[in-house]
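What follows is a set of notes on a single structure, which appears directly below.
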Amino acid sequence: MALALSGCQYLPEQAGLGAEPEAAPTTSCRTVEPTFDNEACLLPSWVAYGLASQRGDGEWRRQKQNELDADYELSEAERELARAVALAWGSEQEWRQASELYEAHTHAAPADLQPLLLYWRNELEGRRALASRSTEARAQVQSLQRQNAELSEKLEALTAIEQNMNLRQQSP
């Protein structure tokens with residue numbers, strides 16, 4: 001069996017199938033801006049855009065926001081969901097805006113795209129929750145440090161009082 005399968009990499013992909021090789025697409029789905037129009041590139045273009053957003057910096061986000069504002073061929077849902085994807089990897093304030101955009105416009109996306117958008121929104125909400133817990137934990141640590149400092153001061157004062165009392169008892 002192993003001998004029969006060895007060397008298969010040398011066979012042409014279309015050999016023996018009697019099919020004409022398909023013409024290569026002129027545009028890669030990864031270079032297409034994310035829209036709802038091109039069904040063949042729907043998921044690949046949105047995934048590529050999401051990855052670019054993840055890798056992009058603040059300047060990339062500003063550039064994409066400007067491009068989205070200037071692109072009148074996109075529907076409102078396409079524009080706002082693309083904006084959500086870009087903002088989802090920005091600052092924590094942008095996360096809130098991205099979450100609101102996902103919530104408001106995901107229903108308008110094609111059914112094949114909705115699970116991906118819901119996944120991204122859930123992932124974003126997870127990051128927001130972690131950031132919130134982290135902020136709360138930092139505040140709690142600061143509060144405990146203040147309480148510890150106050151208790152240390154009180155302990156020092158009590159120690160000083162005890163030393164004074166001991167000195168009075170020792171003196172005749």
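With a ≥ b ≥ c the root eigenvalues of the C-alpha gyration tensor of region 58-103, is it rounded (a/c under 1.5), prolate (a/b larger than b/c) or oblate? Taking the square roots of the gyration eigenvalues as a ≥ b ≥ c, region 58-103 is oblate.
Explain nothing, just the number: dipole magnitude of region 20-139 about its Cα centre with +1 on each Lys and Arg Cβ and -1 on each Asp and Glu Cβ, in debye rounded to the nearest 20.
Working: 13 positive and 22 negative charges, 157 e Å.
The calculated dipole for region 20-139 is roughly 760 debye.
So for each of 161-167, 115-121, 81-87 I average, over its residues, the number of other beta carbons within 10 Å; can you give me the resulting order with the highest mean first?
81-87, 115-121, 161-167
With the Cα gyration tensor of region 37-172 giving a ≥ b ≥ c as the square roots of its eigenvalues, does the rule (a/c under 1.5 for rounded; else a/b larger than b/c for prolate; else oblate) give rounded, prolate or oblate? Prolate is the answer for region 37-172, as a/c is 1.5 or above and a/b outweighs b/c.
Coordinate-derived values only; no laboratory data. Source: prediction; values computed, not measured. When we count neighbours, we look across all protein chains shown, and the Cβ atoms used for this are built from the backbone with ideal geometry, even at glycine.
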